[in-house]
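The values are calculated or read from the model by the stated rules, or taken from the named source; none is laboratory data. Keep in mind it's a predicted model, so treat the numbers as computed, not measured. Glycine also receives a Cβ, built like all others from the backbone with ideal geometry; neighbour counts cover every protein chain displayed. Areas reflect the complete protein model, heavy atoms only, side chains present, ligands, DNA and RNA absent. Shrake-Rupley method; radii C 1.70, N 1.55, O 1.52, S 1.80 Å.
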Amino acid sequence: LYERDNPGTNFSMGFKPTGIWLSHLMMWTAAMQHPDEHFLFLEIDAQFQPGWKEKFDQAMLDVPSNFDVFHVGSCCMAGHPKKHVKGLVFETKHAQCSHCTVIRRGVLPFLLSKIRKCYAPIDCQLVDEVFPDLRTYAIFPRIVDQLNTELPP
């Protein structure tokens, strides 16, 4: 049972969130085998908004070059601190969702060392255990949604 952010909902860490957690560990581990500096991770239900490519290309120029995690699709940032960097790019420690994320290769060992126990949805674990120690940014408003998923801003 996981109810930290929504007490009383009886949300259970069943097959789906556990599978999502495990798939992130597997794709981060696989990425470690490649020499690329950055990786764009997509979930199967990522849905790109019209004009996303131009906005993405500009955002990649606007985000600081030493970023660790860059959320292209995110949710739940409203009401949490964020600092405008440039254009659509904001520095934040509270971007949730992982349906479209760019991650720097050098941070993958840290991610893998911190996310060792499946007790919460992967995005909640990242916000709680990982992002406070990293340089994390997000495009706001997001330019990638999730198919058939209602995501708060």
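Could you say whether any residue in the stretch 126-141 is of a type in the set (D, E, K, R), open to solvent by 10 Å² or more (accessible area, probe 1.4 Å) and at pLDDT 95 or above?
Taking every residue of the stretch 126-141 in turn, at least one turns out to be of a type in the set (D, E, K, R), open to solvent by 10 Å² or more (accessible area, probe 1.4 Å) and at pLDDT 95 or above.
Taking the stretch 29-51 as the search range and keeping residues that are closer than 20 Å to Phe140 by Cα and over 17 Å from the mean Cα position of the chain (by Cα), which one is most open to solvent (accessible area, probe 1.4 Å)?
So the residue we want is Pro50.
So for the stretch 36-49 (the condition being more than 20 Å from Val127 (Cα to Cα) and free of Cβ contacts under 8 Å to residues at least 40 places away in the same chain), does at least one residue qualify?
yes
Just to check your reading of the model, which residue among Glu37, Glu54 is of a type in the set (D, E, K, R), modelled with pLDDT of 90 or more and in contact with a Lys or Arg (Cβ under 6 Å, 6 or more places away or on another chain)?
The conditions single out Glu37.
I'm trying to understand the selection: among the residues of the stretch 123-153, which are of a type in the set (D, E, K, R) and either within 14 Å of the chain's Cα centre (by Cα) or within 16 Å of Ala46 (Cα to Cα) (or both)?
Asp123, Asp128, Glu129, Arg135, Arg142, Asp145, Glu150 - these are the residues of the stretch 123-153 that are of a type in the set (D, E, K, R) and either within 14 Å of the chain's Cα centre (by Cα) or within 16 Å of Ala46 (Cα to Cα) (or both).
What single numbered condition from (1) farther than 18 Å from Asp133 by Cα; (2) among the hydrophobic types (A, V, I, L, M, F, W, C); (3) surrounded by 11 or more Cβ atoms within 10 Å (Cβ to Cβ) fails to hold for Met26?
Here Met26 meets the rest and fails (3).
Can Ser74 be described as hydroxyl-bearing (Ser, Thr, Tyr), out of contact with any Ser or Thr (no Cβ under 7 Å at 6 or more places or on another chain) and open to solvent by less than 60 Å² (accessible area, probe 1.4 Å)?
Considered against the rule, which asks whether it is hydroxyl-bearing (Ser, Thr, Tyr), out of contact with any Ser or Thr (no Cβ under 7 Å at 6 or more places or on another chain) and open to solvent by less than 60 Å² (accessible area, probe 1.4 Å), Ser74 comes out as yes.
For the stretch 94-122, which residues satisfy the criterion of being in contact (Cβ under 8 Å) with a residue 40 or more places away in the chain, open to solvent by 30 Å² or more (accessible area, probe 1.4 Å) and within 13 Å of the chain's Cα centre (by Cα)?
Passing the criteria: only Arg104.
I need the full set of residues from the stretch 1-23 which are of a type in the set (A, V, I, L, M, F, W, C) and surrounded by fewer than 11 Cβ atoms within 10 Å (Cβ to Cβ), in order please.
Initially, the stretch 1-23 is screened for residues of a type in the set (A, V, I, L, M, F, W, C), giving 1, 11, 13, 15, 20-22.
Of everything in the stretch 1-23, those that are of a type in the set (A, V, I, L, M, F, W, C) and surrounded by fewer than 11 Cβ atoms within 10 Å (Cβ to Cβ) turn out to be Leu1, Phe15.
Could you list, ordered by first residue, the pairs with Cβ atoms under 6 Å in which the first is in the stretch 129-150 and closer than 23 Å to Asn66 by Cα and touching a residue at least 40 places away in the same chain (Cβ under 8 Å) and the second is in a strand (DSSP E or B) and open to solvent by 30 Å² or more (accessible area, probe 1.4 Å), at least 6 apart or interchain?
Listed by first residue and then by second, the contacts come to Tyr137/Glu91; Ala138/Phe90; Phe140/Phe90; Val144/Phe48.
Report every pair of residues separated by at least 6 positions or lying on different chains whose Cβ atoms are under 7 Å apart, first residue within the stretch 62-79 and over 17 Å from Pro132 (Cβ atoms) and among the basic types (Lys, Arg), second at pLDDT 95 or above and open to solvent by less than 10 Å² (accessible area, probe 1.4 Å).
none
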